[in-house]
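All remarks here apply to the structure that follows.
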Amino acid sequence: MGKKRCLYCGKLITNDKTYCDIQCKDNYNNFEQYASKRTKAFLISLSIAMIIIFLGIILMAARKEIGVIMSIIGGVGVFGTFIVLPFGTPETVKLLGVKKTTLIVRIVALVMLIWILVPFLKDAIF
Ligand SMILES: [Zn+2]
């Protein structure tokens, strides 16, 4: 049978369990509560950032610099949202647990953030 993992920390557990201990269960429930209260803010923030990127791309044709700056601001909005609210998909949580999922989401978002900002800052400074 498939290996089962703790929904919070991702450690392997026996099939009759969902968490390795009461602490992980509490942590998981706290996270679920935290996440469910912020799902709306998460989606609104992402939508606004996406719209800014979209408008930036359209603007690039007419006013390249303003378009590029708008897209960068939108990109910062997208990855900033994931850093502040690191919500993964339910599939990822099932596979890795909440703890690793939030860490991975934050690291990926941070790398992307640096990746879009570095060329921009290089142009601004030099
Ligand atoms: Zn655990």
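Annotations for the structure displayed:
- Residue within the stretch 13-23 that is touching a helix residue (DSSP H, G or I) at 6+ places or on another chain (Cβ under 6 Å) and among the aliphatic types (A, V, I, L, M) present: no
- Single match in 102, 81 (criterion: within 27 Å of residue 19 (Cβ to Cβ) and either hydrophobic (A, V, I, L, M, F, W, C) or assigned to a helix (DSSP H, G or I) (or both)): 102
- Residues that are surrounded by fewer than 17 Cβ atoms within 10 Å (Cβ to Cβ), of a type outside the set (A, V, I, L, M) and in contact (Cβ under 8 Å) with a residue 12 or more places away in the chain, drawn from the stretch 93-125: 94, 106, 120
- Total residues in the stretch 1-33, condition within 12 Å of the ligand (Cβ to nearest atom), of a type in the set (Lys, Arg), assigned to a loop (DSSP other than H, G, I, E, B) and over 16 Å from residue 102 (Cα atoms): 1
- Residue match in the stretch 44-54 (condition: among the aliphatic types (A, V, I, L, M) and part of a loop (DSSP other than H, G, I, E, B)): no
- Total residues in the stretch 50-73 satisfying the condition of being in contact (Cβ under 8 Å) with a residue 24 or more places away in the chain and over 16 Å from residue 116 (Cα atoms): the figure is 0.
- Residue 90 within 30 Å of residue 5 (Cα to Cα), free of Cβ contacts under 8 Å to residues at least 40 places away in the same chain and surrounded by fewer than 13 Cβ atoms within 10 Å (Cβ to Cβ): yes
Only the coordinates and a few stated rules stand behind these numbers; no lab work does. Computed from a prediction, not measured in an experiment: that's the story for all the values here. Quick reminder, even Gly has a Cβ in these numbers, built from the backbone with ideal geometry, and neighbours come from all protein chains shown.
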